[in-house]
Ligand code: 13P
């Protein structure tokens, strides 16, 4: 179960002086390439999905694949919404399976940035989830991602950084100290002094956007000064593009599969080299033992109804799916009816929460209270309920036999 709490993951990196890669993915080649690299390097990794890339893939189709890949990985993984534009984006990401969200209101003025970020923090924290905010502005200069970040650089100031973190409660801060999204023009000059002061004042994991194109030395100095998460995309898109062009030159008749040959491996090699440089390589086992795993909670109710026809029950269930499914932190609402006519209990709800923190917030949420009072309780009679997490402990055959009282013949 290698989905881990992202706050714990980045705190571990921050405390131990290394940075975790937040690799933006736009296809399955990226997803598989990134995870293969993390497995080879034994590195914790953040699978990052940027809202600005949603025109390249269907977020709701991609997330189940990302989640499945994360769950079968043997290294610690977090799934992060990158550059979320609004509270609605954050709620959707939480519902879809992210366990960390970034809200990016860095293009707005300080007051508006605080207002938007604070709302996202309140909602995400109620779902047990950490938030990254950005202060100052990291623009794009050229390359695939540049046009998505128009405008001029604005450096993060120390005074604003302190006030922003205090007022919003963000868990990680993305700073602007001279990096750019997309390709660099020349060698960027990074303001390490500014970074150092921000780090000393805030003492929380810092984030660098626009990782592509920095030198090894620049990365090392960033990490020394509190950077625990490095966002990286353009360089991966570039190695993929180079690979596709080489395939096209090698065989001008190539079609899709021919053109995509070795793309995943090229992405993977680039990611692995970054993990080794950033110091996350070799940290997987430690992170898995020290960080909380990220596990959903299933809220199960089985019940009977008194004096109600099937149509009324079905209307109540449909309304419940709609209303309860919209509460932040609720991932899915399943309603059901027993197959056997003579079952002791005839009906069921299964509500999936992304995190145990959601249990109490869900119970108190006005939409839940109104639905329960007006529609559910008047119909439902006898019922039992449980909030549970799946148990996935695997005993070896030997210890199982020992527990069962020795060998069975
Ligand atoms: P690059 O594309 O410059 O690597 O930046 C990625 C990034 O910051 C995504 O948030």
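The values are calculated or read from the model by the stated rules, or taken from the named source; none is laboratory data. Keep in mind the model is a prediction, meaning the values are calculated, not measured. Note: ideal-geometry Cβ built from the backbone for every residue, glycine included; neighbour counts use all protein chains shown.
One line per residue, one yes/no per condition, for (1) part of a loop (DSSP other than H, G, I, E, B); (2) touching a helix residue (DSSP H, G or I) at 6+ places or on another chain (Cβ under 6 Å):
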{"position": "11", "(1), (2)": "no, no"}
{"position": "23", "(1), (2)": "no, yes"}
{"position": "29", "(1), (2)": "no, yes"}
{"position": "35", "(1), (2)": "no, yes"}
{"position": "56", "(1), (2)": "yes, no"}
Restricted to the stretch 185-198 and to residues being within 15 Å of residue 137 (Cα to Cα) and assigned to a helix (DSSP H, G or I), the residue nearest to the ligand (Cβ to nearest atom) is 195
Screening 236, 288 for residues that are part of a helix (DSSP H, G or I), under 30 Å from residue 360 (Cα atoms), within 29 Å of the chain's Cα centre (by Cα) and modelled with pLDDT of 95 or more leaves only 288
When every residue in the stretch 199-214 that is assigned to a helix (DSSP H, G or I) and without any contact (Cβ under 8 Å) to a residue 40 or more places away in the chain is compared, the one nearest to the chain's Cα centre (by Cα) is 199
Picked from the stretch 1-55 (must be at pLDDT below 95 and under 20 Å from residue 130 (Cβ atoms)), the residue surrounded by the most Cβ atoms within 10 Å (Cβ to Cβ) is 2
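Do we find that residue 35 is touching a residue at least 24 places away in the same chain (Cβ under 8 Å), within 16 Å of the ligand (Cβ to nearest atom) and over 21 Å from residue 297 (Cα atoms) in this structure?
On the way: touching a residue at least 24 places away in the same chain (Cβ under 8 Å): yes; within 16 Å of the ligand (Cβ to nearest atom): no; over 21 Å from residue 297 (Cα atoms): yes.
It is false that residue 35 is touching a residue at least 24 places away in the same chain (Cβ under 8 Å), within 16 Å of the ligand (Cβ to nearest atom) and over 21 Å from residue 297 (Cα atoms).
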Being within 12 Å of the ligand (Cβ to nearest atom) and closer than 15 Å to residue 19 by Cα narrows 226, 211 down to just 211
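If you check residue 204 against the conditions, is it under 27 Å from residue 106 (Cβ atoms), in contact with a strand residue (DSSP E or B) (Cβ under 7 Å, 6 or more places away or on another chain) and away from the ligand (no atom under 16 Å from the Cβ)? Outline the logic, then answer.
Numbers: under 27 Å from residue 106 (Cβ atoms): yes; in contact with a strand residue (DSSP E or B) (Cβ under 7 Å, 6 or more places away or on another chain): yes; away from the ligand (no atom under 16 Å from the Cβ): yes.
Against the criterion (under 27 Å from residue 106 (Cβ atoms), in contact with a strand residue (DSSP E or B) (Cβ under 7 Å, 6 or more places away or on another chain) and away from the ligand (no atom under 16 Å from the Cβ)), residue 204 qualifies.
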Given the conditions (1) out of contact with any helix residue (DSSP H, G or I) (no Cβ under 6 Å at 6 or more places or on another chain); (2) buried (at least 19 other Cβ atoms within 10 Å of the Cβ); (3) more than 30 Å from residue 325 (Cα to Cα); (4) free of Cβ contacts under 8 Å to residues at least 60 places away in the same chain, every one holds for residue 165 apart from (1)
With the structure loaded, tell me whether residue 66 is over 16 Å from residue 31 (Cβ atoms) and surrounded by 18 or more Cβ atoms within 10 Å (Cβ to Cβ) or whether it fails that test. no
Being without any contact (Cβ under 8 Å) to a residue 12 or more places away in the chain, surrounded by fewer than 18 Cβ atoms within 10 Å (Cβ to Cβ) and more than 23 Å from residue 276 (Cβ to Cβ) narrows 251, 217 down to just 251
